[in-house]
Every structure is written in C-alpha cells, then in structure tokens.
Amino acid sequence: MNTTILQTLQRLLVVAAVAAAGPALAQDASDFPRQPIRIVTGSSAGSGSDIVARYLGVKLTPLLGQSIIVENKPGAAGTIGTLYVAREKPDGYTLTVGGASTHMLSAALNPKLGYDPVKDFATIGQIGTAGILLIANKNFPGNSLKDIVALAKGKPESVQYASWGNGSTGQFCGEVFGQLAGVKLLHVPYKSIPQVITDVEAGHIQLGFSDISSGTAFVKAGKVKGIATCGSRSPALPNVTSYSDQGVPFDRTFRWGLYAPKGTPKPVVDKLAAALKNVLEQPEVVARLLELGITAAYTPGEELAAVTARDIEAWKVVAKDANLKAD
C-alpha cells in the first residue's frame with residue numbers, strides 16, 4: 001500500500017477514535033459519581049480536617065447520590081495523606097480536605113515537599129476560615145501571651161510548645177509569636193493534634209497548638225486553658241482573644257479547602273464545587289461549622305488557588321526569618 005495512503009488512513013482512524021470517545025467521556029462526567037467517593041485526610045481521627053471531612057461527607061452525600069468515605073493517612077503535618085491524593089487517579093473519586101499546613105505552610109518550608117499545593121491539585125473550593133488555638137495545661141502559671149513572654153524572658157529557652165509537626169500551622173504560629181515578642185520558644189513536634197491535646201491535658205507538656213475544631217471542646221470542658229488564637233478569633237470561644245488583641249501584631253487568614261488531583265475533568269470539578277457551595281449555604285451547616293470555630297465562606301477553586309499561591313510566597317519570608325527548616 002502506498003505510504004501516503006497508509007498515513008492518511010492512520011490519521012482518519014485516530015480522528016474517528018477521538019470523535020467516538022468524546023461523547024463517552026462527556027457521559028462519564030455527567031453521570032458522576034457512579035460509586036462512593038473517598039475524602040482522604042492527612043490527619044488522624046478526631047483532628048480538625050477529619051471532623052470537617054466527616055461532617056461535609058454527610059451533607060454532600062444526598063446532593064451527589066453516593067456515600068462518602070473518610071480515610072485517615074496522618075503524619076508529617078498532614079503532607080503524607082495530601083501527597084497520596086496528589087498521586088491518585090484524577091477521576092473525582094479521591095479528594096482531600098486541606099488546610100494551611102498542607103496547602104500553604106509546608107510548601108513555604110520545604111522545597112522538596114513532593115507535591116505543589118497549587119499545580120498538583122484541582123482546587124474545588126474554599127470551605128471556610130479559622131484561627132489556630134494555643135492551649136495550656138490547667139496548672140500552667142499563666143493565662144495570656146504576656147505571661148508566656150515573662151516566663152520565657154525570665155528563663156530563656158525554657159518554655160516549650162507542641163505542634164502537630166514541623167511545617168504545621170502550629171509551628172509557624174509558635175515561631176511568629178516568638179519573633180514578634182522577642183523570645184525564644186522551644187518547639188516539640190508531635191505526629192497529630194489529638195496527641196498534642198492529650199499531652200497538654202496530662203501535663204506532659206505545658207503549651208501546645210491545636211486547630212480550633214479539635215481544641216474547642218477541651219477548652220469549654222475546662223480540661224485545658226485557651227490562651228489565644230493565632231489569626232482570627234473563634235466564634236466558638238468568645239473569651240479566648242487573638243494574638244492581635246493581646247498586643248502581638250499578627251492577623252492572618254487560615255483557610256480550609258476541598259481538593260482533587262490535578263487533571264480531574266472540569267465537569268466533575270464543577271459538579272463537586274456546586275455541591276460544596278450548596279452545602280456551605282445551608283444555615284445548619286454554617287451554624288455547625290461556627291461551633292467548630294470555622295467561618296463558612298465558599299470561594300471558587302480558581303480564586304482559592306490564586307490566594308494560596310500568594311500566601312505561600314509570603315510565608316516563605318516568615319520561614320526564612322525564623323530559620324525554619326524541613327526535617
């Protein structure tokens with residue numbers, strides 16, 4: 001067969017195959033979801049992203065018509081589970097709830113993170129915003145940031161605080177406080193937020209950071225003391241004032257978002273985004289998230305991704321100034 005004729009036939013076959021696949025692919029997206037969806041969190045059961053993921057899963061299920069299963073893959077300030085999702089098949093059936101640690105601060109701290117929080121994900125949308133909670137053991141000899149500064153200055157490098165790992169929002173909040181207050185605090189990295197809270201309550205360490213969702217119940221029950229919020233104040237804990245309220249000039253927004261792997265078809269992302277927006281507009285959802293210290297605030301994925309990219313660059317400066325390094 002003439003070479004030119006053969007090449008023409010091959011091109012025609014490719015065009016025909018693409019044309020035939022087009023409607024099938026569109027149908028697949030329009031039928032989504034056809035099976036249960038997983039939300040993988042980079043935290044352990046009982047932590048903030050786990051609580052949020054499970055609650056959203058319940059609310060999203062009737063809108064999407066499929067059950068949503070939450071799977072925990074904790075470790076490395078949430079980045080282990082996040083990396084897992086980044087490498088999963090981009091079909092909309094594996095998602096993750098990400099926060100400042102997984103999608104901003106770890107990237108600012110570690111250039112070899114293994115994933116790019118913006119480029120390696122299809123950002124579905126923002127869930128809401130929340131501060132980070134600084135808690136203390138009930139017997140800690142202080143009730144404010146001013147008290148901690150006095151202790152740290154009286155005995156330099158004697159005050160320790162726990163966070164849920166190097167690169168976590170908790171560590172950054174601790175280091176920012178130290179920088180702005182002119183004191184050196186010693187960071188003790190833990191593997192998870194529940195472990196931090198447990199050890200602070202037991203007195204194994206006197207201070208620790210927790211996400212608002214995890215720590216609020218313990219403060220309300222009087223099991224630990226709420227010292228301050230890093231970032232915005234929590235509507236769930238009106239008596240716990242923020243860094244800026246206590247004279248430490250820091251006011252940042254920490255965001256929660258829903259993400260899928262890069263390459264997830266746009267119709268699938270759009271359907272998930274519409275369901276998320278619907279859920280976040282429900283009064284009972286807004287009220288429940290407020291109880292957890294989160295202000296529900298849906299933002300489209302493109303906007304959240306752009307803000308995240310800017311925030312990462314800003315936090316790189318904080319990491320450099322504090323001489324923070326990845327493990």
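Kindly provide the helix-only [θ] at 222 nm of the chain, computed as the sum of -39,500 (n - 2.57) over DSSP H runs of four or more divided by all residues, to the nearest 500 deg cm²/dmol?
The helix contribution divided over the chain gives -14000 deg cm²/dmol.
Return the whole-Å distance between the Cα centroid of region 300-324 and the Cα centroid of region 160-185.
What the calculation gives is 17 Å, centre to centre.
Helix 48-64 sits at what angle to the longest principal axis of the chain, using alpha carbons and giving 0 to 90 degrees rounded to 10?
Taking the Cα atoms of the chain, the angle to 48-64 is about 30 degrees.
May I ask for the angle, rounded to the nearest 10°, between helix 169-181 and the longest principal axis of the chain, with both axes built from Cα atoms and the value confined to 0 to 90°?
With both axes taken from Cα atoms, the answer is about 40 degrees.
Give me the distance between the Cα centres of region 79-146 and region 258-295, rounded to whole Å.
16
Which value, in nm² and rounded to one decimal, describes the direction-averaged projected area of the C-alpha convex hull of region 80-235?
Averaged projected hull area, Cα only: 9.9 nm².
For the chain, give the share of DSSP beta bridges that are antiparallel, in percent and rounded to the nearest 5; count only bridges with both residues there.
Expressed as a percentage, antiparallel bridges in the chain total about 65.
Considering only DSSP beta bridges whose two residues both sit in region 132-246, what percent are antiparallel, to the nearest 5?
60
Relative to 2.2 N^0.38 Å, what does the C-alpha radius of gyration of region 246-318 come to as a ratio? Two decimals please.
This ratio for region 246-318 stands at 1.34.
How big is D, in µm² s⁻¹, for region 97-187 by Stokes-Einstein at 25 °C and 0.890 mPa s if Rh is the Kirkwood radius over C-alpha pairs?
The diffusion coefficient I find is 164 µm²/s.
Using only the Cα atoms of the chain, construct the convex hull and provide its projected area averaged over every direction, in square nanometres to one decimal.
19.1
What do you get for Rg/Rh over region 168-327 if you use C-alpha atoms and the Kirkwood form of Rh?
Rounded to two decimals, Rg/Rh equals 0.99.
Sort 100-106, 252-258 for me by packing, meaning the mean count of neighbouring Cβ atoms within 10 Å per residue, highest on top.
Final packing ranking: 100-106, 252-258.
Work out how much length ARG310 to ASP251 would gain on full extension: take 0.36 nm times their residue separation and subtract the Cα-Cα distance, in nm to one decimal.
The ARG310-ASP251 span can extend by a further 19.7 nm.
Calculate the FRET efficiency for LYS320 and LEU186 from the Cβ-Cβ distance with a Förster distance of 25 Å, rounded to the nearest 0.05.
The calculated FRET efficiency here is 0.80.
No lab work stands behind these numbers, since they all come straight from the coordinates. All values derive from a computational prediction rather than experimental measurement. Reconstructed Cβ throughout: ideal geometry from the backbone, glycine too, with neighbour counts over all protein chains shown.
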